[in-house]
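The values are calculated or read from the model by the stated rules, or taken from the named source; none is laboratory data. As the structure is a computational prediction, the values presented were derived from the model and not from experiment. When we count neighbours, we look across all protein chains shown, and the Cβ atoms used for this are built from the backbone with ideal geometry, even at glycine. SASA here: full protein model, heavy atoms, side chains in, ligands and nucleic acids out. Shrake-Rupley method; radii C 1.70, N 1.55, O 1.52, S 1.80 Å.
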Amino acid sequence: MPLDKPLGRLRLGVNIDHVATVRNARGGAYPDPLRAALLAEEAGADGITAHLREDRRHIGDADIESLTAGLTVPLNFEMAATDEMQAIALRHRPHAVCIVPERREERTTEGGLEVAQDENRLAHFIAPLAEAGCRVSIFIAADPAQIEAAARIGAAVIELHTGAYCDAHAEGRFDDRDAELERLRAMSAFAHELGLEVHAGHGLTYDTVTPVAALPEVMELNIGHFLIGEAIFRGLPDAIGEMRRLMDSARAEAFPEGR
Ligand code: PXP
């Protein structure tokens, strides 16, 4: 059963990967992801997300060093379930690690992690991260089998992949979009019942954020590509401020009595 009021204030995690994409297009030192992250903090980001991919196509190892040293809000370190990434996470001990699937040929993280098929390995993989004090989040599709498996392996958090919902909206497939939203609604309630903290993200924009922000079990949204793109036109603080405003009004309208 969905909750009748939100569990708490909805946090906004700003993903700064694509500041590094722009920097890496030329090489060199600018634009600096840490500078963007500090500006995002000032603009109201509750956390910063960065994905160190195996091929280092955007964020690099030195960025993780500088973010770890320079941030005052929590860092959510996105990583594939590889030994190399586990060693890096254990060295830096970020506030959170989000385990994502990774394929070199993909342009972005296209699907959720296949947890149910790889349960044993993932349980052993995340245990040392949790022991080191990181909150372990698993990025998955809104699918009951994946959610149950995430709970069984001992994850504290799941992040629901909102890409299918956002793609359906962008392509004008509104029946599919509504069906995806319904799945996100039902699965965030289900995950909460299993004791998991629920986050969501991927592909969210001003046009798609409101119904997701109104899901009462969702505690955090992680948003990157759209915000970095929007920052070209209106500046990063304003781009983030508008997202924050939409998230807050989504909650206020859905739950006028709640928080
Ligand atoms: N959450 C996760 C787990 C992701 O992998 C990404 C993309 O790196 C995001 C959120 C943010 O997605 P977007 O950049 O499309 O907003």
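Between GLU220 and ARG11, ALA200, the built amide H atoms are under 5 Å apart, and every one of these is 5 or more places off in sequence or on another chain. Rounded to the nearest 0.05, what FRET efficiency is calculated for ALA170 and ARG107 with R0 set to 25 Å and r the Cβ-Cβ distance? My answer for the efficiency is 0.95. Selection among ALA69, ILE138, ASN222 by position relative to the dipole of the chain gives ALA69 as farthest towards the positive end (Cβ unit charges, Cα centre).
If we sort 221-231, 188-198 on the protection proxy, mean other Cβ atoms within 10 Å, highest first, what's the order?
221-231, 188-198
Counting only protein heavy atoms and a probe of 1.4 Å, the accessible surface of the chain is 52% carbon and sulfur. Converting phi to 3J(HN,Hα) with the Karplus coefficients 6.51, -1.76 and 1.60 and the offset θ = phi - 60°, region 216-233 yields x, 7, 6, 9, 7, 10, 10, 9, x, 3, 4, 5, 5, x, 5, 4, 4, 8 Hz in sequence order, with x at every glycine or proline. Ranked by the mean number of other Cβ atoms within 10 Å per residue, highest first, peptides 140-153, 10-23 order as 10-23, 140-153.
Once the 1.4 Å probe is applied to the protein heavy atoms, region 126-259 comes out at 42 Å² accessible per residue. Ordering ARG103, ARG185 by accessible surface, largest first, gives ARG103, ARG185; the 1.4 Å probe counts only protein heavy atoms, with every chain in place. For GLU78, the residues whose amide H sits under 5 Å from its own are ALA50, HIS51, LEU52, CYS98, ignoring neighbours fewer than 5 places away on the same chain, with H placed 1.01 Å from N. In a simple Cβ point-charge model (Lys, Arg +1; Asp, Glu -1; nothing else charged), region 87-178 has a dipole of about 600 debye relative to its Cα centre.
Two decimals is fine: what is log10 I(q)/I(0) at q = 0.20, 0.23 Å⁻¹ for region 1-101, from a Debye sum with one equal scatterer on every Cα and no solvent? With no solvent term, the Cα-only Debye profile gives -0.98, -1.21.
Amide H contacts for ILE16 (H built 1.01 Å from N in the peptide plane; partners 5 or more residues away or on another chain; cut-off under 5 Å): THR49. Show that you can apply the helix-only estimate: for the chain, add -39,500 (n - 2.57) for every DSSP H stretch of four or more residues, divide by all residues, and state [θ] at 222 nm to the nearest 500. Result for the chain, helices only: -14500 deg cm²/dmol.
Computed over protein heavy atoms with a 1.4 angstrom probe, the accessible surface ordering of GLU180, GLU105, largest first, is GLU105, GLU180. Of the residues ALA87, LEU246, GLY28, the one whose Cα sits farthest toward the positive end of the charge dipole of the chain, with +1 on the Cβ of Lys and Arg and -1 on the Cβ of Asp and Glu, is GLY28. Separation of region 3-32 from region 173-221 is 19 Å, based on Cα centroids.
For the chain, with only Lys/Arg (+1) and Asp/Glu (-1) charged at the beta-carbon, what is the dipole magnitude about the Cα centre, in debye rounded to 20?
So the dipole magnitude of the chain works out to roughly 620 debye.
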